[in-house]
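One structure below.
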Amino acid sequence: MGKRMLMSFATAATVCAIAFAQSGNVKDVIGTWEGESICTVHPSACHDEHVIYEISDAGKAKLKMSADKVVNGERQNMGDLACTYDGKTLSCPFAKGVWAFEVNGTKMAGTLKLTDGTLFRKVDVTKK
């Protein structure tokens, strides 16, 4: 194998290794996440909440997020969202806006932006 071909192979292998290390696996987001969801629009009907998200595989490259808030120590389900994960961002669009979460190991930081672009919530959760 020529020196030039060997260098090309080594460069390609390095690029692939870096890309693989930077992209997450869908299994990284499946599980239970818990933390705080804080309102950013004041005054509004929005309330700061302690939240628990259960993320599961919904098949066909989709995920399901079941979202609960904790009130007086009890979980109250707020509904389910269909989500996608591109290896870094968990995105959950719905009729009123988009929930988007940046995944970093066992931490997720996210936002709820309404269809008009208003930043409505900020979320910080940790995987349990």
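Rule-based calculations on the coordinates, nothing more; no lab input. As the structure is a computational prediction, the values presented were derived from the model and not from experiment.
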| said: Going through the cross-link list LYS64/LYS88; LYS27/LYS88; LYS60/LYS107, which pairs have a Cα-Cα distance over 19 Å in this structure? | reply: LYS60/LYS107
| query | Which translational diffusion coefficient, to the nearest whole µm²/s, is obtained for segment 25-127 from the Stokes-Einstein equation, given a Kirkwood hydrodynamic radius over C-alpha pairs, 37 °C and 0.692 mPa s? | reply | 238 µm²/s
